[in-house]
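Novice: I am attaching a structure below and will ask some questions about it afterwards.
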Amino acid sequence: MTDVAVNKHEADVIVVGAGLSGLVTATELTAAGRRVILLDQEPAASLGGQAWWSFGGLFLVDSPEQRRVGVHDDVELAFADWLGSAQFAPGADRGDGPDRHGYAWAKAFVEFAGGDLRSWLHAKGVRWFPLVQWAERGGYPAGGHGNSVPRFHITWGTGPGILEPFVRTAREAVASGLLELRFRHRVTEILTDDGRVTGVRAEILADDAAERGVPSNREVTAEVELYAQAVVVASGGIGANAASARARWNPEYGALPERMLQGVPDSTDGKLLTVAAGSGAALVHEDRMWHYPEGIANHSPVWTAHGIRILPGPSSLWLDADGNRLPGPLYPGFDALGALQHVTGRGDDHSWFVLNRAIMEKEFALSGSEQNPDLTGKSIPKLIERVRGKAVPIALFAERSPEFLWAQSPAELAAAMNRLTDETPGSHGHVDPTALAALVAQRDAQVLSGLGKDPQVVATAAARNFLVDRRIRVAPPRALTDPKDGPLLAVRLSVLTRKTLGGLWCDPAGRVLQPSGEVLEGLWAVGEAAGFGGGGAHGHRALEGTFLGGCLFTGRVTGRALAAAL
């Protein structure tokens, strides 16, 4: 390591993190004429952060896309769904208690999702796949978790399509001299003077030609101090820090397993949150996380333990490690966190989807830009092929994955499941072939009745009342053992780390607070580092499509508030 270089840089703002929220913040500031330094520890190839890898889903309310497919939605219904999922602490709506700022951000975000969000992005050239998807159906009574109507809008171009206008604007700001992009700068300290944040100390890492998402070196070549009127933390959450996620997981739901998959690049390590806390910032709701139980290992990994999430339709049987059905309403696509808590509460590191080839081709999608070349590449011919059942990305993935197990009978399927997990009869995690055959037969009898009393069969039939689900998302009600739909399929599902719902405690403008509730002058936070607003805008559960949206919203609100404050 070389000596510290002190640079009294004449910047108005230092933004730490060149992901989506950092880019939005920086471009809002430069649009107001403010001078910004944007730091990131990764090489230039990773500009845009983990948003680039996303499916590009956005939570929009009362959109033209919804209305075209017969969905009636409004801000009041959407916020009622949000509150039913968030379960904020009492008093939040009155401005009291630990969730008061999260509540304020949540209310403002839902109003934004039903107001300016779509028109703001549309003016920047962003467009959406016209068939709105129904994520997090919930399955609980009114007032509980879940979306009452479909609100998941897939961006045409997926995550890269969301990033493109902000990357373009950032490069224009660089050309105009208002923005300086500095990669390979890892912030190790937030500098303060007399209780006010004045800048950062950063390690300069060695150059690295690593491609996007690939782990880069951590060789330190120098240190630098940079000063500005304000610092914005936009460094993301802890999704790549499995040890931190395990330590923060609520023990009421068991423990996160030792064997987990990672849904974000290694750089999403959460270290800057600890650095900010060391400078006097308050971290809140650290036990609130949004990981997924439907992870599958990427057969062509980019980062460590690289996992992909299956986005399932509702028809598959969801079984625990022993081959028992998960309790209702923990059906595929209904309550991701509830299913995860059930898995970890049992002490399992995996669960299973049991289905057949026809259901897989109709109902399975893979999350991630790189797994959806038709949508990401904005290719209408490829999209038509997918709708027609040709070159379906999930089918191509299944051919290469050892976690997709095929069989002609339930007994053969159970044997394959046990071989994959190396479990013996009578041990925890062993699937009994006779019991699995009985489950499949019971399910098929309910479906073949034409009606049925099984709650999942009823919920699946109800899903087909929605035009989009019936056309492209939910398989026709047929027996799993129907020969023309075979063979049978079991998919091993693993815990997949992803999002941090807590974070730096912030007021409604994005100013970071101290544990006392007082503002830590000069420090602001956006995106996942801020719990997507206020230190926890989602509360305990998310409605999906709200993470990219939260990055966009916090970056816009905080960037404008900070520009006005300088």
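The values are calculated or read from the model by the stated rules, or taken from the named source; none is laboratory data. Since this is a predicted model, take the numbers as computed values, not measurements. As a convention, Cβ positions derive from the backbone with ideal geometry for all residues, glycine included, and neighbour counts pool all protein chains shown. Only protein heavy atoms, including side chains, enter the accessible area calculation; ligands, DNA and RNA are left aside. Shrake-Rupley method; radii C 1.70, N 1.55, O 1.52, S 1.80 Å.
So that you can scan it fast, the table gives a plain yes or no per residue for (1) in contact (Cβ under 8 Å) with a residue 40 or more places away in the chain; (2) open to solvent by less than 20 Å² (accessible area, probe 1.4 Å); (3) among the basic types (K, R); (4) touching a strand residue (DSSP E or B) at 6+ places or on another chain (Cβ under 6 Å):
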position: T424; (1), (2), (3), (4): no, no, no, no
position: H430; (1), (2), (3), (4): yes, no, no, no
position: L451; (1), (2), (3), (4): no, no, no, no
position: L467; (1), (2), (3), (4): yes, no, no, no
position: L480; (1), (2), (3), (4): yes, yes, no, yes
position: A490; (1), (2), (3), (4): yes, yes, no, yes
position: C506; (1), (2), (3), (4): yes, yes, no, yes
position: A525; (1), (2), (3), (4): yes, yes, no, yes
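Novice: So for region 555-562 (the condition being without any contact (Cβ under 8 Å) to a residue 60 or more places away in the chain and either hydrophobic (A, V, I, L, M, F, W, C) or surrounded by 24 or more Cβ atoms within 10 Å (Cβ to Cβ) (or both)), does at least one residue qualify?
Specialist: yes
Novice: Given the criterion touching a residue at least 60 places away in the same chain (Cβ under 8 Å), out of contact with any helix residue (DSSP H, G or I) (no Cβ under 6 Å at 6 or more places or on another chain) and open to solvent by less than 10 Å² (accessible area, probe 1.4 Å), identify the matching residue among A336, A297.
Specialist: A336
Novice: Within region 369-386, is there a residue that is at negative phi, part of a loop (DSSP other than H, G, I, E, B) and open to solvent by 40 Å² or more (accessible area, probe 1.4 Å)?
Specialist: Yes, region 369-386 has at least one match.
Novice: Against the condition among the charged types (D, E, K, R) and farther than 23 Å from T25 by Cα, how does R246 come out, does it pass?
Specialist: Taking the combined requirement at face value, the residue satisfies it.
Novice: Let me confirm something: among E252, E211, E223, which residue is of a type in the set (D, E, K, R), open to solvent by 20 Å² or more (accessible area, probe 1.4 Å) and in a loop (DSSP other than H, G, I, E, B)?
Specialist: E211
Novice: Go through region 415-435 and give me each residue that's among the hydrophobic types (A, V, I, L, M, F, W, C), assigned to a helix (DSSP H, G or I) and closer than 22 Å to T344 by Cα.
Specialist: M417, L420
Novice: Restricting to helices (runs of 4 or more DSSP H) lying wholly in region 72-164: which have 1 or more residues that are surrounded by 23 or more Cβ atoms within 10 Å (Cβ to Cβ) and in contact with an Asp or Glu (Cβ under 9 Å, 6 or more places away or on another chain)?
Specialist: Once the helices (runs of 4 or more DSSP H) in region 72-164 are filtered for at least 1 residues that are surrounded by 23 or more Cβ atoms within 10 Å (Cβ to Cβ) and in contact with an Asp or Glu (Cβ under 9 Å, 6 or more places away or on another chain), what remains is 75-86, 100-113.
Novice: Of all the strands (runs of 3 or more DSSP E) wholly in region 473-536, which have at least 2 residues that are among the aromatic types (F, W, Y) and within 21 Å of the chain's Cα centre (by Cα)?
Specialist: Result: empty, no element qualifies.
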